[in-house]
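Everything below concerns the one structure shown next.
The values are calculated or read from the model by the stated rules, or taken from the named source; none is laboratory data. Given the structure is predicted, the values throughout are model-derived calculations rather than measurements. Using ideal geometry, Cβ is built from the backbone for each residue, glycine included, and neighbour counts are taken over all protein chains shown.
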Amino acid sequence: MRESEQNSAEIRKRSHTVREALQAEGGTQVAILGWVATKSSIGGIKFATVRDGTGYIQVACKKDRVPEKAFGEFERATKESAVWVLGSLREDKRAPGGKEISASDFAILALAEMWPITKSAAKASSSFLYDMRHLAIRGKKASAAIKVRAHIVYAAFDYFVKSGFTLISAPSIVQNAVEGGSTLFEINYFDKKAYLSQSAQLYEEAAILALGKVFIFQPAFRAEKSKTSKHLTEFWMIEAEQAFAGQEDNIRLQEALVKAMAERVQSECSEELKTLGRSFKVPEVPFPRITYDKAMEISSKSGIQFEWGEDIPTEAEKLVSKEFDVPFFITGYPLSARSFYHMTEETNDKVTRSADLIAPEGYGEIATGGQRIHEYGSLMKRIASQELPSESFSWYLDLRKYGMPEHSGFGIGVERTTRWMCGLKHIRAASLFPRTISRVKP
Ligand code: 4AD
Ligand code: MG
C-alpha cells in the first residue's frame, strides 16, 4: 500500500455495515468499507456493487456530486478493490436490497489487479475454482454456503449449552482406530506409529463419566479412497454422548438437534438460501424410521442389490434417500457393517442398536449414532473376536471397570449437513478449504 493510501485508510472510518445500511432509512448518511463486486455504467452515472461480508449494496456515482478526485477513483476501482464510500441512502426498488447509496465521496484503499476468476476460465477447467479457492470464496454462492455452515454450528452450540451438555476437546493425534483401520491417516510420532483421529467418540465416553453429557466440535480425518460427492478427507464433526441414555434417547437428541439447526438456518440465512436457489422445510419431529432390511428392499426393487451384512453402498443409500423429503433414520444395522463398540440387540446379536440419520432428496447419511457396549466382559470379547489390538484399547476398556453405565451418542458431519441444507452438488462447496483425495492445496 502506498503511504498516502495508508494514511487515508486510517481516517476513512465506517459508520454502517452494508447490512445496517440496507436497514437504515432513506436519507441517512453512511460510510461503508468493502470490496467492489461489480461495476457498470448507465449514461453518465457510474455504478458499483460493494460487499463487506454482511451484504451487497449498490453505489451510484455522479460526476457533479463528488469531488473530482473521487470520481476518478471510482472509475479506476477494479473488481475486488477495497474501497471506502461516503454517501446518502436512497430507496430504489431496482437496486438489490431496495437501497442505493448516492456517493458524495469515494476512495480506493487497496487496488486489486485484474480479477483472475472469470466464467470462461472456470468453464475451461473443472478444478479451476478450487485451485483458486483462496480467491473464489469471495463469490456470492461460495460465501453463502460458508455462512450457512456457521449457523448450523451456532445452532448446535446453543442447543447443547441450553440442554446441559458440556463442551469438551479431544486430541487429534491418537493411537486408536475408532471407525476401522482402512481409513486411518498414519503419522510418524517420534518414531512411534500414531494416527489422525477419525472421531472423538472414545474420549467422549471417558468424559461422560466426569461430566454426564458432553459434546464436541472438531476436525475428523479419514483416508477415504472414495471419490464421491460426500467424502472429504478432513471434515468437522459435532459429536454428543450421554450417560444413562439408550438408543431411543439418542435418536430423540439427534431429531431435536437437527430441527434446531434447520430452524436457525431458515430464520438467519434466508438471503443465503435465496442466493443458493435452495428451499427446504424445517422437519417435524419425530423423523420417520425404516429398518436396514427395508432399505435393502427399497433399493433392490430399484435395481441395486447388496448382501445383508454389508454397509449400504453409497448409490443404494442415495436411492433410498430420494424416497424422502425429510430426514429419516435407518435402524438395525448389522454388526458386520459397524465398528467394534456397538451394542447388539438382546434378541439378535447380529443386529446393532444403532442408526444412521439420512438427509432426504438423495443427500444421504449425515449422522451415525448408537448405544455402546458398557460392560467390561462383553467389550473384551468383542475386541478379541475382531482381533483388535487390545493393548491400545486398554484405557477404553478400563472405563468399563469403574462405573460405566448404559450410554449412547452420535456424530453428525458438519459439511454433509451444510451440503444438504444448502442443496450443494458436492460436499467440497461446504468447506472453506476442502481436503479430498486429490486436493491438499490451497
Ligand atoms: O458415521 P461415522 O463414521 O461415525 C463415527 O465416527 C462415530 N464414531 C460418531 C459417534 O458416534 N460419535 O461419522 C459420523 C459422521 C457421518 O455420518 C458423516 O456425516 C460424517 O461424520 N463423515 C464424513 N463427512 C465427510 N467426509 C467423510 N469422509 C466423512 N466420514 C464421516
Ligand atoms: Mg456412518
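Look through region 361-377, keep the residues that are away from ligand 2 (no atom under 16 Å from the Cβ) and touching a residue at least 12 places away in the same chain (Cβ under 8 Å), and return whichever of them is farthest from Tyr292 (Cα to Cα). Applying the filter and picking the extreme gives Tyr376.
Any residue at all in region 431-438 that is more than 14 Å from the chain's Cα centre (by Cα), under 20 Å from Ala243 (Cβ atoms) and within 16 Å of ligand 1 (Cβ to nearest atom)?
Initial filter on region 431-438 (more than 14 Å from the chain's Cα centre (by Cα)): 436-438.
If we keep only those that are under 20 Å from Ala243 (Cβ atoms) as well, we get none.
No, that holds for no residue.
Annotation note: Cβ proximity below 6 Å between a residue of region 323-351 that is without any contact (Cβ under 8 Å) to a residue 12 or more places away in the chain and a residue that is of a type in the set (Ser, Thr, Tyr) (sequence gap 6+ or interchain) occurs for Thr344/Thr352.
Please work out which residue is nearest to ligand 2 (Cβ to nearest atom), limiting yourself to region 342-360 and to residues that are among the charged types (D, E, K, R) and in contact with a strand residue (DSSP E or B) (Cβ under 8 Å, 6 or more places away or on another chain). Across region 342-360, the extreme among qualifying residues is Asp356. Among the aliphatic types (A, V, I, L, M), in the same structural domain as Glu345 (by TED's automatic domain parsing) and crowded, with 22+ Cβ neighbours inside 10 Å: is that true of Ala177 in this structure? In short, no. Among the residues of region 182-194, is there at least one that is in contact with a helix residue (DSSP H, G or I) (Cβ under 9 Å, 6 or more places away or on another chain) and either farther than 25 Å from Ser394 by Cβ or not acidic (Asp, Glu) (or both)? No, region 182-194 contains no residue that is in contact with a helix residue (DSSP H, G or I) (Cβ under 9 Å, 6 or more places away or on another chain) and either farther than 25 Å from Ser394 by Cβ or not acidic (Asp, Glu) (or both).
Give just the number: which of (1) of a type outside the set (Asp, Glu); (2) closer than 24 Å to Ile137 by Cβ; (3) modelled with pLDDT under 95 does Arg2 not satisfy? Arg2 satisfies every listed condition except (2). Phe190 passes every criterion in (1) away from ligand 1 (no atom under 16 Å from the Cβ); (2) more than 26 Å from Pro327 (Cα to Cα); (3) surrounded by 17 or more Cβ atoms within 10 Å (Cβ to Cβ); (4) not polar (S, T, N, Q) apart from (3).
Restricting to region 383-442, count the residues that are within 16 Å of ligand 2 (Cβ to nearest atom) and among the acidic types (Asp, Glu). Spell out the reasoning first.
Initially, region 383-442 is screened for residues within 16 Å of ligand 2 (Cβ to nearest atom), giving 408-417, 419-420, 427.
Subsequent filtering for residues that are among the acidic types (Asp, Glu) retains 415.
So the count comes out to 1.
Here the condition is being in contact with an Asp or Glu (Cβ under 7 Å, 6 or more places away or on another chain) and aliphatic (A, V, I, L, M); of Ala121, Ala112, Ala150, it holds for Ala112 alone. Residue pairs whose Cβ atoms lie under 6 Å apart, separated by 6 or more positions or on different chains, with the first residue in region 429-442 and touching a residue at least 40 places away in the same chain (Cβ under 8 Å) and the second hydroxyl-bearing (Ser, Thr, Tyr) and assigned to a helix (DSSP H, G or I), are Ala430/Thr418.
Results for (1) assigned by TED's automatic domain parsing to the domain that holds Ala156; (2) within 30 Å of Pro405 (Cα to Cα); (3) touching a residue at least 60 places away in the same chain (Cβ under 8 Å), shown as yes or no for each residue.
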position	(1), (2), (3)
Lys192	yes, no, no
Gly212	yes, yes, no
Gln218	yes, yes, no
Phe221	yes, yes, no
Glu224	yes, no, yes
Ile251	yes, yes, yes
Lys259	yes, yes, no
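Any residue at all in region 173-187 that's within 11 Å of ligand 1 (Cβ to nearest atom), hydrophobic (A, V, I, L, M, F, W, C) and over 23 Å from Gln254 (Cβ atoms)? Checked region 173-187: at least one residue is within 11 Å of ligand 1 (Cβ to nearest atom), hydrophobic (A, V, I, L, M, F, W, C) and over 23 Å from Gln254 (Cβ atoms). Considering region 411-427, the residues that are buried (at least 21 other Cβ atoms within 10 Å of the Cβ) and among the basic types (Lys, Arg) include one that is farthest from Thr314 (Cα to Cα), namely Arg419. For Ser408, the conditions (1) over 27 Å from Gly332 (Cβ atoms); (2) buried (at least 19 other Cβ atoms within 10 Å of the Cβ); (3) touching a Gly at 6+ places or on another chain (Cβ under 8 Å) all hold with the exception of (1).
In the set Glu387, Glu391, Glu415, which member is outside any strand (DSSP E or B), acidic (Asp, Glu) and within 16 Å of ligand 1 (Cβ to nearest atom)? Step through it out loud before you land on a result.
Numbers: Glu387 fails: within 16 Å of ligand 1 (Cβ to nearest atom); Glu391 fails: within 16 Å of ligand 1 (Cβ to nearest atom).
The match here is Glu415.
Out of Ala262, Ala240, Ala220, report the one residue that is within 16 Å of ligand 2 (Cβ to nearest atom), within 16 Å of the chain's Cα centre (by Cα) and of a type in the set (Gly, Ala, Ser). Before the answer, list the steps.
Numbers: Ala262 fails: within 16 Å of ligand 2 (Cβ to nearest atom); Ala240 fails: within 16 Å of the chain's Cα centre (by Cα).
None of the other options fit; the residue is Ala220.
Got a sec? Which of Leu196, Leu167 is exposed (fewer than 15 other Cβ atoms within 10 Å of the Cβ) and under 21 Å from the mean Cα position of the chain (by Cα)? Leu167 is the lone residue from the list that is exposed (fewer than 15 other Cβ atoms within 10 Å of the Cβ) and under 21 Å from the mean Cα position of the chain (by Cα).
Region 313-384 holds strands (runs of 3 or more DSSP E) entirely within its bounds, and those carrying 2 or more residues that are within 19 Å of Gln247 (Cα to Cα) and more than 15 Å from ligand 1 (Cβ to nearest atom) map to 348-352.
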